[in-house]
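First comes the structure, then the notes that go with it.
The values are calculated or read from the model by the stated rules, or taken from the named source; none is laboratory data. As the structure is a prediction and not an experimental result, all values here were calculated from the model. All Cβ positions, glycine included, derive from the backbone under ideal geometry; neighbour counts span all protein chains shown. Just the protein is used for accessible areas: all its heavy atoms, side chains included, with ligands, DNA and RNA removed. Shrake-Rupley method; radii C 1.70, N 1.55, O 1.52, S 1.80 Å.
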Amino acid sequence: MRFMYKFTIPVEQGNAAHADGTLPEAIESLITAAAPEAAYFTMLDGERAGILFIETDDASHFTRLNEPLMAKLDAAIDIIPVQSIDELRKGLRKG
């Protein structure tokens, strides 16, 4: 299954992690561990944020991704199942 993995990092923790060098390390570790199809970084509600698209059938994969982000950066994380337009069309077919 494909998932949208969205995280936000509170400003204070993000600033501290940027200052001490742990922010880029945490992001690189996440990208390496997640192996996303795509990854985008932005600001959401004034906080640093990332949106990754991940293909996995192993729910434990998220535990390995979540714990370092929450512990190191106090990140809030949303994991949302998503589908491609072709998958949507298949699901909408009658019969």
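Say we look at the stretch 1-17 and pick out the residues that are without any contact (Cβ under 8 Å) to a residue 60 or more places away in the chain and either of a type in the set (A, V, I, L, M) or touching a Pro at 6+ places or on another chain (Cβ under 7 Å) (or both); which of these is nearest to Arg48 (Cα to Cα)? Steps first, please.
Here is the first cut: in the stretch 1-17, the ones without any contact (Cβ under 8 Å) to a residue 60 or more places away in the chain are 11-12, 14-17.
Remaining after also requiring either of a type in the set (A, V, I, L, M) or touching a Pro at 6+ places or on another chain (Cβ under 7 Å) (or both): 11, 16-17.
On the way: Val11: 7, Ala16: 13, Ala17: 12 Å.
So, considering only residues that are without any contact (Cβ under 8 Å) to a residue 60 or more places away in the chain and either of a type in the set (A, V, I, L, M) or touching a Pro at 6+ places or on another chain (Cβ under 7 Å) (or both), the one nearest to Arg48 (Cα to Cα) is Val11.
Being touching a strand residue (DSSP E or B) at 6+ places or on another chain (Cβ under 8 Å) and loosely packed, with under 11 Cβ neighbours inside 10 Å is the filter; apply it to the stretch 71-95 and report the residue that is farthest from Glu12 (Cα to Cα).
Once the filter is applied, the top-ranked residue is Ser84.
Name the residue, out of Asp45, Asp20, that is closer than 15 Å to Asp78 by Cα, open to solvent by 80 Å² or more (accessible area, probe 1.4 Å), acidic (Asp, Glu) and at pLDDT 95 or above.
Working: Asp20 fails: closer than 15 Å to Asp78 by Cα.
The conditions single out Asp45.
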